[in-house]
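Below is one structure, written out as structure tokens, with a few remarks after it.
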Amino acid sequence: MTKKVKFTNLNKSTFYATLRKRVDDHFEDQNLSVHANGAMWFKAIFFLGTFITLYFLILLGGFGTGMMLSMAILLGIFGAFVGFNICHDAIHKAFSDKPIVNKSFSFLFSLIGASAYVWSICHNIVHHTYTNISGHDEDIDVAPGLIRFCEKEPVNKIQRYQHFYAFALYSLAMLSWVFRKDYKKFFQTKIGSQVANHPKIEYFNLFFFKFLYYFLFIILPLIVIDVPWWQFLIGFLAMQFAQGLVLGLVFQLAHVVEGTSFPHPNEDGNIEEAWAAHQMMTTANFAVDSKLAGFLCGGLNRQIEHHLFPKICHIHYPAIGKIVKQTALEFDLPYIESRTFFSALGSHYRMLRKLGKEAYIAQEKVAAIPCMLTAKINISQPL
């Protein structure tokens, strides 16, 4: 896309101004910081500590094959949890009011295989601004030609089955991130409509931290762990698949479920809504009453609150969620949520089917109409 989308707010909505005032008042009245509290620091220590412990247990070896494989899978899962609960907040500058703390925790992203710098552009700037807008939000550009998330995109034959194979493709997400995605995004001329103009130090950082990851998770284990190379490969792939599936599912359940929209800019390149109203229409929550989901997902099960207030630490989302929901109802805006993780998963499955198989059938019916009309005309003509 050559120009950025603008949100024109034709209705002159005061939703976001009202909401911000209420949320600010909440923190002021409770005398709370918007950053991490004791519970958040406990989460950070727990997830990072478990991740590091699993890593060194695998390096030390001495366990049976099944146990080693199980620990590799857990290492991948906890890698995702470190990303959700620590790195995500830190890259948004929401973890701490001290830049050095956010910067330090951001570098942990390299330990799970991703570039914090590239992510900050793709996610913080592009995805959070142009949520679910095809051609701008590259987070919905998943496996082009294989997975279709937007009604404006053409549908092909293979996408009739996307509701079956999409979940397998999600498990490849981390493998792609480690070896392909960051390089591709970094060297693109644009990410969405964001022109790529990287500081020189980021060229060094990209390759240095990628090499660090390859050393820690490929080279060093091959040197230290006394297993055949093919067993190491199985373990490495199991870790990547587990991490990719967890990441893929949690992010897709926030934006590709029933009720969320995929708006298209008008001829002038504008979205005729306020930015905050757009977020309410394109973002969804799931399992907000589940303490386990809240603990594991790092607030990503409360994407509505996160998209509206990305610089507030996720530990505060349950409290401000009540304010957001009430204010949305007052302004007649949607507040999309699924009661459980599995109900959200079912909703995502139905969306995949609707945008794949059902869209293809509808397209074929429309394409068949001219042929039917032509045949009818030919039959009705006198001999």
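Quick test of your reading of the structure: Met280 fulfils all but one of (1) assigned to a helix (DSSP H, G or I); (2) within 24 Å of Gly83 (Cβ to Cβ); (3) open to solvent by less than 30 Å² (accessible area, probe 1.4 Å); (4) at pLDDT 95 or above. Name the failing condition by number.
If we test Met280 against (1) assigned to a helix (DSSP H, G or I); (2) within 24 Å of Gly83 (Cβ to Cβ); (3) open to solvent by less than 30 Å² (accessible area, probe 1.4 Å); (4) at pLDDT 95 or above, just (2) comes out false.
Take Arg180 and tell me if it is outside any strand (DSSP E or B), open to solvent by 60 Å² or more (accessible area, probe 1.4 Å) and either in contact with a Lys or Arg (Cβ under 9 Å, 6 or more places away or on another chain) or β-branched (Val, Ile, Thr) (or both).
Details: outside any strand (DSSP E or B): yes; open to solvent by 60 Å² or more (accessible area, probe 1.4 Å): yes; either in contact with a Lys or Arg (Cβ under 9 Å, 6 or more places away or on another chain) or β-branched (Val, Ile, Thr) (or both): no.
In short, no.
Looking at (1) open to solvent by 80 Å² or more (accessible area, probe 1.4 Å); (2) in a loop (DSSP other than H, G, I, E, B); (3) out of contact with any Gly (no Cβ under 9 Å at 6 or more places or on another chain); (4) not hydroxyl-bearing (Ser, Thr, Tyr), which is the one condition that is false for Lys4?
Status for Lys4: all satisfied but (3).
Can Leu32 be described as more than 30 Å from Leu222 (Cβ to Cβ) and either surrounded by 13 or more Cβ atoms within 10 Å (Cβ to Cβ) or of a type in the set (A, V, I, L, M, F, W, C) (or both)?
Yes: the conditions hold for Leu32.
Find the residue count for the stretch 232-275, including only residues that are over 30 Å from Asn301 (Cβ atoms), touching a Ser or Thr at 6+ places or on another chain (Cβ under 7 Å) and part of a helix (DSSP H, G or I).
Final tally of qualifying residues: 0.
Does Met71 fit the bill of being free of Cβ contacts under 8 Å to residues at least 40 places away in the same chain, in a helix (DSSP H, G or I) and open to solvent by 60 Å² or more (accessible area, probe 1.4 Å)?
Details: free of Cβ contacts under 8 Å to residues at least 40 places away in the same chain: yes; in a helix (DSSP H, G or I): yes; open to solvent by 60 Å² or more (accessible area, probe 1.4 Å): no.
Criteria not met by Met71.
What about Ala293, is it over 13 Å from Phe84 (Cα atoms) and open to solvent by less than 30 Å² (accessible area, probe 1.4 Å)?
Details: over 13 Å from Phe84 (Cα atoms): no; open to solvent by less than 30 Å² (accessible area, probe 1.4 Å): yes.
No; evaluated as a whole, the condition is false for this residue.
Every residue, every condition in (1) small (Gly, Ala, Ser); (2) in a loop (DSSP other than H, G, I, E, B); (3) farther than 18 Å from Tyr203 by Cα, yes or no:
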site	(1), (2), (3)
Ser120	yes, no, no
Asn124	no, no, yes
Gly135	yes, yes, yes
Val142	no, yes, yes
Phe149	no, yes, yes
Glu153	no, yes, yes
Lys185	no, no, no
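Going through the stretch 129-146 one residue at a time, which ones are of a type in the set (A, V, I, L, M), under 17 Å from Leu253 (Cβ atoms) and open to solvent by less than 20 Å² (accessible area, probe 1.4 Å)?
Ile140
Can you tell me which residue in the stretch 302-332 is most open to solvent (accessible area, probe 1.4 Å), limited to those that are out of contact with any helix residue (DSSP H, G or I) (no Cβ under 7 Å at 6 or more places or on another chain) and among the acidic types (Asp, Glu)?
The selected residue is Asp332.
The values are calculated or read from the model by the stated rules, or taken from the named source; none is laboratory data. For clarity, every value in this text was computed on a predicted model and none was experimentally measured. Methodologically, a virtual Cβ is constructed for each residue, glycine included, from the backbone with ideal geometry; neighbour enumeration extends over all protein chains shown. Please note that ligands, DNA and RNA were not included when accessible areas were found on the heavy atoms of the full protein model with its side chains. Shrake-Rupley method; radii C 1.70, N 1.55, O 1.52, S 1.80 Å.
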